[in-house]
Amino acid sequence: MVRFKSRYLLCEVCVPDRSSLQLLEDRTIYNTLRAAVNRAHGDYGSALFNIGVIVKYLNAHTGVVLIRSRKKHYRLIWSALSFITCLENRGQKVQCFLNCLHVGGTIRTCQKFLVKYNRQQLHRMLPDCKTDAEKQEVRRAILSCSLSNVREEEADEDGSDDDDDGDEET
Amino acid sequence: MEEPSKFERYVYKNDSVYHYMKISLVLENGNKYITDAQFKQLITCGLKDLYGEVGASFPFDLLKFDQNELTGILRVYNSGLVKLWSALTLLGSYQNEACAFRVMQVSPFLLALSGNSRELQFGDQLTL
């Protein structure tokens, strides 16, 4: 079978204060990443970026970004992520760094990882809770996050999926 | 009676870690005064334009430089040969003046660069 294989980089934007996260747009990330790839890898990097890279998903509340690139050049894009120091959005500069959590071959594998990761983060938050009410909230959140939505989709497409699930741990 | 000497043959499949390139710089308006440091700086600028910071940091050495002819011998690791060669090809200007790099010889062994049948000049002794 001949088709374009891609790699999805699941990244997290880490900022010192969470309120500045709300203003993020996927165009901001795209432009910043393009400038970083141009600086780090020159004209060759810019050309590769133009062909295959697109920001697929951005969650302004949690700071999760999903970047898609071609399978042959994802390491180049990945290496340029470390050179991003600030995101500029309409004249305001936000100091940040991008942390890559997971590399997946499809959006579904990234989604599965994200559910597991969020549950681990909630577990980590539990000892830090000050009041009982907060603890109840966190426990309820942990119990409610589940893979049931993802499992339904899997049952539908059982056996007919030969996706290249390149699950690499960072 | 001496024993017949054993026949041994060594075959190297590209044993060399480096590649050596003999290049020359051709300027549009004749030769300028260029030191070896400026020559290397020019090549590094070309690498930086095409391959960015990561490409410009790739190590290569200028082994010999002839200031009158503006020719030199570069040494680069095997993995960087394609990048260096492509950057040399696409380098177009030096201090706002058109220039070009001509690559005369490329070889994994330095000894091969010492003789070049293209530049061989027959002396008068041969016309007998």
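The values are calculated or read from the model by the stated rules, or taken from the named source; none is laboratory data. Here the structure is a predicted model, which means the values were calculated and not measured. Neighbour counts run over all protein chains shown; Cβ positions are idealised from the backbone, glycine included.
Select from region B:19-68 the residues that are aromatic (Phe, Trp, Tyr) and under 30 Å from residue A:36 (Cβ atoms) and write down the one among them that is surrounded by the fewest Cβ atoms within 10 Å (Cβ to Cβ).
Per the stated criteria, the residue is B:58.
I'd like to know if region B:74-95 contains one or more residues that are in contact (Cβ under 8 Å) with a residue 40 or more places away in the chain, away from chain A (no Cβ under 13 Å), in contact with a helix residue (DSSP H, G or I) (Cβ under 7 Å, 6 or more places away or on another chain) and among the hydroxyl-bearing types (Ser, Thr, Tyr).
Yes: one or more hits.
How about region A:125-138: which of its residues are exposed (fewer than 10 other Cβ atoms within 10 Å of the Cβ) and under 18 Å from residue A:62 (Cβ atoms)?
Within region A:125-138, the subset exposed (fewer than 10 other Cβ atoms within 10 Å of the Cβ) is A:127-128, A:130-133.
The answer is A:128, and nothing else.
For region B:43-62, check the following and say yes or no: at least one residue is in contact with a Cys (Cβ under 9 Å, 6 or more places away or on another chain), assigned to a strand (DSSP E or B) and either more than 28 Å from residue B:117 (Cα to Cα) or away from chain A (no Cβ under 13 Å) (or both). Give the steps one after another, and end with the answer.
Of the residues in region B:43-62, the ones in contact with a Cys (Cβ under 9 Å, 6 or more places away or on another chain) are B:56.
Okay, now just the ones that are also assigned to a strand (DSSP E or B), so none.
Checking region B:43-62: not a single residue is in contact with a Cys (Cβ under 9 Å, 6 or more places away or on another chain), assigned to a strand (DSSP E or B) and either more than 28 Å from residue B:117 (Cα to Cα) or away from chain A (no Cβ under 13 Å) (or both).
Looking only at region A:1-27, count how many residues are polar (S, T, N, Q) and under 16 Å from residue A:77 (Cα atoms).
Selection size over region A:1-27: 1.
Being modelled with pLDDT of 90 or more and basic (Lys, Arg): is that true of residue B:83 here?
yes
Looking at (1) of a type in the set (Ser, Thr, Tyr); (2) over 20 Å from residue A:45 (Cβ atoms); (3) within 14 Å of chain A (Cβ to nearest Cβ), which is the one condition that is false for residue B:16?
It fails just one condition, (3).
For region A:112-143, name all the residues that are among the polar types (S, T, N, Q) and outside any helix (DSSP H, G or I).
A:131
Go through (1) in contact (Cβ under 8 Å) with a residue 60 or more places away in the chain; (2) buried (at least 16 other Cβ atoms within 10 Å of the Cβ); (3) more than 17 Å from the chain's Cα centre (by Cα) and name the single condition residue A:95 misses.
Here residue A:95 meets the rest and fails (2).
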